[in-house]
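As structure tokens, the structure follows; a few thoughts come after it.
The values are calculated or read from the model by the stated rules, or taken from the named source; none is laboratory data. Note that this is a predicted model, so its numbers are computed, not measured. Virtual Cβ from ideal backbone geometry, glycine too; neighbours counted across all protein chains shown.
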Amino acid sequence: MKRFIPNLLTIAVSFASMEAMAATDLVLFNGQVFTADLAQPKVQALAVADGKVLQVGSDAQIKALIETGTRVIDLGGKTLMPGLIDSHSHAIFGGLEMTSANMQDKVVSLDELERKLRAWRDDGKARHGDVLSIAGMSSAYWAQAEALGQRFNAGEWAKVPVVFTGSDHHTAWANAVMLERAGIDAALLKTLPQAERDTIGQLADGRPNGFLVDAGWDRVAAKMPVPSAAALLNAAQSAVRYNNSLGITAWMDPAANAAPGEAVFALKPTAQTVGVLPAYKALAESGGMSAHVAALLVANPKSRPADLDVLEQVRQQFQGIPNLTLPGVKIFADGVIEYPAQSAAMIDPYSNSHKQGELLIDPEHFGELVSAIDQRGWRVHIHA
């Protein structure tokens, strides 16, 4: 019997009324099959041949297609539907977080947060090299930047790098040890352009308070320990397994050439900037890629058309991999509008801070870049 591909329902479904010509590999009957076909939205049964939907219809119609060697599944009245497609998923980053310390947007007191950090330090979930890190932090914590500093720059944390990463992945907070490692201090802040300076929170005396947004977070992220190839493969396996459990059988990964710890908002890709693509490749080679991934490559916001040659070199390294395609490019035009980050570029200033965010692209040449990407037949995905 031919191998049954778990993500067969991601393909466009073609319904045939004529007698099936291909050998039937799989029959599913006694179910509520949602077809997404307005003319025949719900049927009882479905037949599969060579990984594709062969025919849908009543139990009697589809059972007639059963042959020697056909796998037969009684759905027991359950619903069967086409696979879901997630149009924006940093799946492997999520896979890493599934096995690490994660607040999952829950807000607790600083006393409880400290207890959780201590517990996750002791069981290893918060340990990334010598850095202690908790992901999934609610943005509600960032209003307490100074209180976080008083708590996690003293006592048992005084000499330990500590990082709290926002669930939006655009914001974070780092303690003094980690800020020093990233070279972020009052002297640096004075040298930065105003828009970039605004991505690093400040105390009244001009010192950083630990709060970081986009470009500011990039400086700290670049100093975080890089996950091993084995850890990334495990994250890919976890991500595929979790997505499949929810009926998600395809997604667009909008920053596949960026790896955890890389400065994604100001990425300057080379032919060796391959991010999580090797993890997807390893997963496919092991036979575990039961989802289709459309992987986008991040281009620097101020790229020129000639810079696209580097991305083409990356694309060539990952051709012919089952269930992996590289259809286009992602560019960050700015940050996020949510308070307190407010790094999204605005025509009119924010009413509270009177700042306008940070525009990352070069308006004078951006049109040339987009046209050059389009001429290569690539999709252009812009974070704006």
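Does Ala299 meet the test of being small (Gly, Ala, Ser), crowded, with 21+ Cβ neighbours inside 10 Å, touching a strand residue (DSSP E or B) at 6+ places or on another chain (Cβ under 8 Å) and not assigned by TED's automatic domain parsing to the domain that holds Ala195? In short, yes.
Residue-by-condition table, conditions (1) at positive phi; (2) more than 20 Å from the chain's Cα centre (by Cα); (3) of a type in the set (A, V, I, L, M):
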residue: Ala101; (1), (2), (3): no, no, yes
residue: Leu117; (1), (2), (3): no, yes, yes
residue: Gly124; (1), (2), (3): yes, yes, no
residue: Arg127; (1), (2), (3): no, yes, no
residue: Ala135; (1), (2), (3): no, no, yes
residue: Ala140; (1), (2), (3): no, yes, yes
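Residues that are under 21 Å from Pro254 (Cα atoms), among the hydrophobic types (A, V, I, L, M, F, W, C), assigned to a strand (DSSP E or B) and in contact with a Pro (Cβ under 7 Å, 6 or more places away or on another chain) do occur in region 331-338, at least one of them. On the given criteria, is Ile66 within 26 Å of His292 (Cα to Cα), modelled with pLDDT of 95 or more and out of contact with any Phe, Trp or Tyr (no Cβ under 6 Å at 6 or more places or on another chain)? No, not satisfied. Please specify each residue of region 135-160 satisfying the condition of being assigned to a loop (DSSP other than H, G, I, E, B) and either under 24 Å from Gly335 (Cβ atoms) or basic (Lys, Arg) (or both). Hits for region 135-160 are Ser138, Lys159. Of all residues in region 168-178, those that are of a type in the set (Gly, Ala, Ser) and either under 27 Å from the mean Cα position of the chain (by Cα) or part of a strand (DSSP E or B) (or both) total 2.
When each of Leu96, Leu117 is tested for being buried (at least 20 other Cβ atoms within 10 Å of the Cβ), modelled with pLDDT under 95, out of contact with any Lys or Arg (no Cβ under 9 Å at 6 or more places or on another chain) and among the aliphatic types (A, V, I, L, M), the lone residue that passes is Leu96. You will find that of Thr325, Thr270, the residue that is among the polar types (S, T, N, Q), assigned to a loop (DSSP other than H, G, I, E, B) and either free of Cβ contacts under 8 Å to residues at least 40 places away in the same chain or farther than 24 Å from Ser133 by Cα (or both) is Thr270 and no other. Number of residues in region 179-208 that are in contact with a helix residue (DSSP H, G or I) (Cβ under 6 Å, 6 or more places away or on another chain) and either in a helix (DSSP H, G or I) or surrounded by fewer than 18 Cβ atoms within 10 Å (Cβ to Cβ) (or both) equals 5.
Anything in region 293-322 that is touching a residue at least 40 places away in the same chain (Cβ under 8 Å), under 30 Å from Lys355 (Cβ atoms) and among the polar types (S, T, N, Q)? List them, or say none. Once the filter is applied, which keeps residues that are touching a residue at least 40 places away in the same chain (Cβ under 8 Å), under 30 Å from Lys355 (Cβ atoms) and among the polar types (S, T, N, Q), region 293-322 yields only Ser303.
Scanning region 253-289 for residues that are crowded, with 22+ Cβ neighbours inside 10 Å and farther than 26 Å from Val220 by Cβ yields Tyr280, Leu283, Met289. Summed over region 290-322, residues that are of a type in the set (Gly, Ala, Ser) and either closer than 30 Å to Ala140 by Cα or assigned to a helix (DSSP H, G or I) (or both) total 1. Looking at Phe211, is it closer than 30 Å to Trp142 by Cα, crowded, with 20+ Cβ neighbours inside 10 Å and over 17 Å from the mean Cα position of the chain (by Cα)? Spelling it out, Phe211 is indeed closer than 30 Å to Trp142 by Cα, crowded, with 20+ Cβ neighbours inside 10 Å and over 17 Å from the mean Cα position of the chain (by Cα). Residues of region 358-374 include none that is loosely packed, with under 13 Cβ neighbours inside 10 Å, of a type in the set (Ser, Thr, Tyr), at pLDDT below 95 and not assigned by TED's automatic domain parsing to the domain that holds His169. Say whether the condition of being in a strand (DSSP E or B), of a type outside the set (Ser, Thr, Tyr) and not assigned by TED's automatic domain parsing to the domain that holds Lys330 is met by at least one residue in region 250-258. No: region 250-258 contains no residue that is in a strand (DSSP E or B), of a type outside the set (Ser, Thr, Tyr) and not assigned by TED's automatic domain parsing to the domain that holds Lys330.
The residue pairs whose first member lies in region 150-162 and is farther than 15 Å from Ala172 by Cβ, whose second member is loosely packed, with under 11 Cβ neighbours inside 10 Å, and whose beta carbons are closer than 9 Å, counting only pairs six or more residues apart or on different chains, are Arg151/Asp111; Val160/Asp130. Please specify each residue of region 33-52 satisfying the condition of being in contact with a helix residue (DSSP H, G or I) (Cβ under 9 Å, 6 or more places away or on another chain), closer than 17 Å to Gly69 by Cα and modelled with pLDDT of 95 or more. Selection gives Leu46, Ala47, Val48. Of the residues making up region 90-99, none is outside the structural domain of Lys125 (by TED's automatic domain parsing), in a loop (DSSP other than H, G, I, E, B) and among the polar types (S, T, N, Q).
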